[in-house]
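Asker: Below: one structure in structure tokens.
The values are calculated or read from the model by the stated rules, or taken from the named source; none is laboratory data. It should be emphasised that the depicted structure is a prediction, and the values quoted were computed from it without experimental measurement. Here the Cβ is made from the backbone with ideal geometry for all residues, glycine too, and neighbour counts use every protein chain on show. Just so you know, the surface numbers come from the protein's heavy atoms only, side chains and all, with ligands and any DNA or RNA stripped out. Shrake-Rupley method; radii C 1.70, N 1.55, O 1.52, S 1.80 Å.
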Amino acid sequence: QFTTRVVSCRAAELRPEGGGEPVHGFQVVLEDTILFPEGGGQVRAGAGGTDVPCPQPDDRGLIGDVPVLRVTRRGAEAVHFVPAALEPGAEVLLSLDWERRFDHMQQHSGQHLISAIAEQMFGFKTTSWELGRQRSVIELDTPVVTAEQVEALEKSVNEKIRDRVPVTVRELAADDPEVETVRSRGLPDDHVGPVRVVDIQGIDSNLCCGTHVSNLSDLQVIKLLGVEKGKKNKTNLVFLVGNRVLKSIEQSHSTEKALTSLLKNGPGEHVEAVKRLQSSVKLLQKNNLNLLRDIAVLIARDFKSKPAPKQLFVLHRKEGDSEFMNIIANEIGTEETLLFLTVGDEKEAGLFLLAGPVEAVENLGPRVAELLGGKGAGKRGRFQGKAAKMSRRGEVQALLQEFISHQNPGA
């Protein structure tokens, strides 16, 4: 917590990170703040002297009892977005969401450590990184990182954590000659005042704007989840630090318990049990398709066997697919008969097929799709697609019957 004063408050809008309608509120500037702001040209020097954007997300907290929804940097000022107005000049108590802050500290210091050790062990330079909500990613300047290298890197960084290596922060004047010895390619254009250098004793020294732990032991543990293909000649290394590792284990254990209950066997047998289930499902699906095909043929033959086949054939079935409908159309023939077939839930979405004489289908197809609230396409006497309003099948049938009546007035 921190007591400070409100300098200014002005109406503003905040666009949510996930999209949607903007939130109306206020931008508040305080005399000073303990909340870390996002954005604003923050820079952290990567291993090997490569400039890397500092992607640490902003903090959250309270100004009095008013929640802070976003903190951004505007020049040297931190701008707090809040949903309620605050009186300029008022003394306020600023409270920090410590759980969120400590998580960011763990991930950020963990990234410094991983990047430094990856370069020392294998010469892999860090070109960028992202502190994500669930996991974080380091982009390494190498096309390949082997499983053995990942294992060795994970072992090494966790050894450093157990060694309780101190992490310190120094402030230097921007024109201090020592700044030239720190890994960096420069400062943001709008930077003023001293610069911060984050040191992991004997391991790493970097210009950095972010928040960090004071000792590697605060990281608890680092888990490297593996690598993913990155940009050209780059590899993304995915990692978790500290409490995120514990949460991941808790989630995995809950999943394991649920699978044990469902599959009626131990964790070591889960994979084989799922493989057996997959094989069974594939066999059942194959048998089901064969049965549907047989049903489609029987339906068509029953229609054709009647002494006076009708000019319109309408059928709806909850279970089925496009192949089921097309088999019926093939068996009945579409030179003289107009077919309207649908599959799916009667009150929800499904599939439809209109088949028959080419000219009739070309004329009616788009109108059928429109009535069903769907989209479709067709050629050579068949028009099929998806329907959003299966409940309007009766309207389609009326349309088709009216069309046939106009075509054959004496029928």
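Asker: Among the listed pairs 275/389; 125/275; 155/257; 229/375; 282/386; 160/247, which have their C-alpha atoms separated by more than 30 angstrom in this model? Don't skip to the answer; put the middle values down first.
Answerer: Numbers: 275/389 37 Å; 125/275 40 Å; 155/257 28 Å; 229/375 37 Å; 282/386 25 Å; 160/247 22 Å.
Violating the 30 Å Cα-Cα cut-off are 275/389; 125/275; 229/375.
Asker: Once you list every other residue whose beta carbon is under 13 Å from the beta carbon of residue 241, what net charge do they have if Lys and Arg are +1 and Asp and Glu are -1?
Answerer: +2
Asker: If you bin every alpha carbon distance in the chain into 10 Å steps from zero, what whole percent lands in each bin?
Answerer: 4, 16, 17, 14, 12, 14, 13, 8, 3, 0, 0
Asker: For segment 285-407, what is the relative contact order in percent, using Cα pairs closer than 8 Å and at least 6 residues apart in sequence?
Answerer: On the way: 209 pairs, mean separation 25.0, N = 123.
Dividing the mean separation by the residue count of segment 285-407 yields 20 percent.
Asker: Could you tell me the relative contact order of the chain? Use alpha-carbon pairs under 8 Å, at least six residues apart, and round to a whole percent.
Answerer: Numbers: 778 pairs, mean separation 44.4, N = 411.
Relative contact order, the chain: 11 percent.
Asker: Based only on the alpha carbon positions, what is the Kirkwood hydrodynamic radius of segment 101-244, in angstrom?
Answerer: Every distinct Cα pair counted, the radius reaches 15.7 Å.
Asker: List the GluC sites (Glu not before Pro) within segment 3-41 that DSSP assigns to loop and that have no more than 16 neighbouring Cβ atoms inside 10 Å.
Answerer: Of the GluC sites (Glu not before Pro), the ones in loops of segment 3-41 whose Cβ has at most 16 other Cβ atoms within 10 Å are 17, 31.
Asker: Of the heavy-atom accessible surface of the chain (probe 1.4 angstrom), what whole percent is carbon and sulfur? If you can, show how the numbers build up before the last one.
Answerer: Values: 11490 of 22660 Å².
Carbon-and-sulfur percentage of accessible area, whole number: 51.
Asker: Using label points projected 7 Å from each Cα along Cα→Cβ, tell me how many nm separate residue 367 and residue 23, to one decimal.
Answerer: My value for the distance between the label points is 5.2 nm.
Asker: Oh, and also: Express in nm, to one decimal, how much length is gained between residue 408 and residue 69 on full extension, taking 0.36 nm for each residue of separation and deducting their alpha carbon distance.
Answerer: Details: separation 339, 0.36 × 339 = 122.04 nm, distance 6.90 nm.
The residue 408-residue 69 span can extend by a further 115.1 nm.
Asker: Same structure, new question: By its C-alpha gyration tensor, with a ≥ b ≥ c as the square roots of the eigenvalues, how is segment 285-407 shaped: rounded for a/c under 1.5, else prolate for a/b larger than b/c, else oblate? Before the final figure, lay out each step's value.
Answerer: On the way: a/c = 1.65, a/b = 1.10, b/c = 1.50.
In terms of gyration-tensor shape, oblate.
Asker: Right, another one. Within the chain, what percent of beta bridges assigned by DSSP are antiparallel, to the nearest 5?
Answerer: On the way: 75 of 83 bridges.
Percent antiparallel among DSSP bridges in the chain is about 90.
Asker: Hey, another quick one. Hey, got a sec? Which GluC sites (Glu not before Pro) in segment 320-377 land in a DSSP loop and have at most 13 other Cβ atoms within 10 Å?
Answerer: On the way: sites: 323, 331, 335, 336, 346, 348, 359, 362, 370; in loops: 335, 336, 346, 348.
Those satisfying the criteria are 335, 336, 346, 348.
Asker: If you count the DSSP beta bridges with both ends in segment 101-244, what percent of them are antiparallel, to the nearest 5? Write down the numbers at each step before the final one.
Answerer: Numbers: 28 of 29 bridges.
Here the antiparallel bridges make up roughly 95 percent for segment 101-244.
Asker: Let me ask something else. Just to check I understand the Karplus step: with θ = phi - 60° and J = 6.51 cos²θ - 1.76 cosθ + 1.60, what whole-Hz values come out for segment 98-106, glycine and proline as x?
Answerer: Once rounded to whole Hz, the list reads 5, 4, 5, 4, 5, 4, 5, 4, 4.
Asker: Averaging sequence separations of C-alpha pairs under 8 Å and six or more residues apart, then dividing by the length of segment 210-358, give the relative contact order as a whole percent.
Answerer: On the way: 148 pairs, mean separation 19.8, N = 149.
Taking the mean separation of contacting Cα pairs over the length of segment 210-358, I get 13 percent.
Asker: Follow-up question, since we're still on this one. Write down the accessible area per residue of the chain in Å², having rolled a 1.4 Å probe over the full set of protein chains.
Answerer: Numbers: 22660 Å² over 411 residues.
On a per-residue basis, the chain sits at 55 Å².
Asker: Which of 26, 405, 216 sits farthest toward the positive end of the charge dipole of the chain, with +1 on the Cβ of Lys and Arg and -1 on the Cβ of Asp and Glu?
Answerer: 405
Asker: Using the Cα centre as the reference, give the magnitude of the dipole from point charges on the C-beta atoms of segment 347-411 (Lys, Arg: +1; Asp, Glu: -1; all else neutral), rounded to the nearest 20 debye. Show your work: numbers first, answer last.
Answerer: Working: 10 positive and 6 negative charges, 64 e Å.
That gives segment 347-411 a dipole magnitude of about 300 debye.
Asker: Sticking with this one: May I ask what percent, to the nearest 5, of DSSP beta bridges between residues of segment 285-407 are antiparallel? Intermediate results must be reported in sequence, preceding the final value.
Answerer: On the way: 17 of 23 bridges.
For segment 285-407, the DSSP antiparallel bridge percentage is about 75.
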